[in-house]
Amino acid sequence: MNPRKALISAAGLCLSLSVAAIAGTIGFSQIGFESTWRTAETESIKSAAVDRGIKLLFSDAQGKQENQIKAIRSFVAQKVDGIILAPIVETGWEPVLREVRKARIPLVLVDRGIRVSDPSLYATLIASDFVFEGREAAKWLAKKMSGRGTIVELQGIPGAAPAIDRKKGFEEVLKKYPRMSVLRSQTGNFNRTDGKQVMEAFLKAEGRNINALFAHNDAMALGAISAIEEAGMKPGTDIIIVSIDGMKEAFEAMVAGRLNCTVECNPLLGPLVIGAMEKAIAGEKLPKWIKQVDGVFPKESAASMIGTRKY
Ligand code: AHR
């Protein structure tokens, strides 16, 4: 064989060896299916794994942290090459993550952060900045309401990073507007059904005193929109609504004038997550937070942007 050909085939062999070393089995513990946002995230991760020839063991925790912990332990027992975790809440992960580290399995967090005393328990977090999202929602609302009015808030799952941080960012900005006040704030568990039920209770208690709604995600806002309509009011007009996620359905509601603004939170993280996992398996050190950049979409931009929405 001529030396040039030998060099090329050696390089090819190295490349296939490194790909073979990376492609393997990865466990993915997902929270559940509380909205189409989460379905979009799951599909994005599944299809990115297929693209890279990775076998993905998928586990749906049905909204329970204990199921996520069981799934992680089962992935460790099966000796997977890496674990992806979308953690339902921020706390309670330390013991199981120590077991993962002891087994020398890299763990990538997706879409929600956790609180641990030792950050080396995970390789990286790939997620949006939820405090930023809460701040952007409040800034937009303050402008729309000219700095005065009453608000009700639908919070996400108690203890979940997006619920804690979105509330924090929202309140931080609201402090600058003493004539804006939150009348009621309660969890709608990030899902449409609970969002509707809690909004019904808000309306029963406050009636037409409510000027605006801040929903921690689009799914709850869409549920609340139905409650407002059933109460004989016009969502988007009688009650100004700002929510978070940027789902196509939220854009449709904005085009119909039933929602006023959505702050983006991108769930299409599959290629990034799988890419980061491959690097972690190869022993590369990753930044602790690979932050997603999100946009703010008021109703006025909905008609021109709706065609670009992918989830
Ligand atoms: O962690 C991201 C949040 O979780 C999304 O905003 C929401 O829709 C989901 O439930």
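The values are calculated or read from the model by the stated rules, or taken from the named source; none is laboratory data. The structure presented is a predicted model; accordingly, all values stated were derived computationally and were not measured. Using ideal geometry, Cβ is built from the backbone for each residue, glycine included, and neighbour counts are taken over all protein chains shown.
Of all residues in the stretch 288-297 being surrounded by 11 or more Cβ atoms within 10 Å (Cβ to Cβ) and not charged (D, E, K, R), which is farthest from the chain's Cα centre (by Cα)? Only one residue fits best here, namely Phe297.
Applying the condition of being hydrophobic (A, V, I, L, M, F, W, C) and without any contact (Cβ under 8 Å) to a residue 40 or more places away in the chain to the stretch 64-87 and asking which residue is farthest from Glu284 (Cα to Cα) yields Ile69.
Considering every residue within the stretch 177-186, establish whether at least one is buried (at least 22 other Cβ atoms within 10 Å of the Cβ) and either out of contact with any Phe, Trp or Tyr (no Cβ under 8 Å at 6 or more places or on another chain) or over 21 Å from Ser59 (Cβ atoms) (or both). Looking for residues that are buried (at least 22 other Cβ atoms within 10 Å of the Cβ) and either out of contact with any Phe, Trp or Tyr (no Cβ under 8 Å at 6 or more places or on another chain) or over 21 Å from Ser59 (Cβ atoms) (or both), one finds none in the stretch 177-186, hence no.
Scan the stretch 133-163 for residues that are surrounded by fewer than 21 Cβ atoms within 10 Å (Cβ to Cβ), within 16 Å of the ligand (Cβ to nearest atom) and on the phi < 0 side of the Ramachandran plot and the total you get is 1. Just one of (1) under 21 Å from Asp238 (Cβ atoms); (2) in a helix (DSSP H, G or I); (3) away from the ligand (no atom under 16 Å from the Cβ); (4) under 22 Å from the mean Cα position of the chain (by Cα) fails for Glu171. It is (1). Tell me, yes or no, whether the stretch 260-270 has at least one residue that is modelled with pLDDT of 95 or more, away from the ligand (no atom under 16 Å from the Cβ) and either β-branched (Val, Ile, Thr) or farther than 24 Å from Leu174 by Cβ (or both). Within the stretch 260-270 (the criterion being modelled with pLDDT of 95 or more, away from the ligand (no atom under 16 Å from the Cβ) and either β-branched (Val, Ile, Thr) or farther than 24 Å from Leu174 by Cβ (or both)), the answer is no, since none of the residues qualifies. Has the stretch 274-287 got at least one residue that is within 15 Å of the ligand (Cβ to nearest atom), within 30 Å of Asp81 (Cα to Cα) and touching a residue at least 12 places away in the same chain (Cβ under 8 Å)? No, the stretch 274-287 has no match at all.
Taking the criterion of being in contact with a Cys (Cβ under 6 Å, 6 or more places away or on another chain) and more than 14 Å from Pro162 (Cβ to Cβ), the only residue of the stretch 209-248 that qualifies is Val242.
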